[in-house]
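Have a look at the structure below, then the notes.
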């Protein structure tokens, strides 16, 4: 199977997924426009959240059908794309933070203010993450350009 056929198959699976499991607005768009589908991150989220609802409540909220094997297959087809999309978006946000003058200390503090609190994020880890993502996605970095370095930290002035 060539890449075009694979892409068409994935797109069709995502379109069918959103027709069955999307929000009301997503379902309407998918039914009205035959070429509407959700991005990979949304597809994985739809299925994961649906599975959580089924586990927590024993049914889907808002009258949605239970998550099917076809829904899970669509999400599996999207997982790798979702990971790459999330990493590229993370890179863009890190890049924008640096371009706006944030220091690695400020970035790490903001990254550390997460809901899962899995692990502390240090400035060195934030910088290493940016460097690794920039290396992994050079085309994204080329599109963004070089971030300007953060301004020097303000030094306290002597009292008058």
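Values quoted throughout were computed directly from the atomic coordinates according to the rules given, and no laboratory measurement underlies them. Being a predicted model, the structure only gives us computed values, none of them experimental. Here Cβ is always computed from backbone atoms with ideal geometry, including for glycine, and neighbour counts include all displayed protein chains.
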Given the options 86, 82, name the one that is surrounded by 15 or more Cβ atoms within 10 Å (Cβ to Cβ) and under 30 Å from residue 141 (Cα atoms).
82
For the list (1) part of a helix (DSSP H, G or I); (2) touching a residue at least 12 places away in the same chain (Cβ under 8 Å), I need the number of the one condition that residue 121 fails.
(1)
Scanning the range 125-140 for residues that are closer than 18 Å to residue 83 by Cβ and touching a residue at least 12 places away in the same chain (Cβ under 8 Å), which turns out surrounded by the most Cβ atoms within 10 Å (Cβ to Cβ)?
130
For a quick check of your reading: which helices (runs of 4 or more DSSP H) sit entirely within the range 37-114 and have at least 2 residues that are touching a residue at least 40 places away in the same chain (Cβ under 8 Å)?
40-57, 69-99
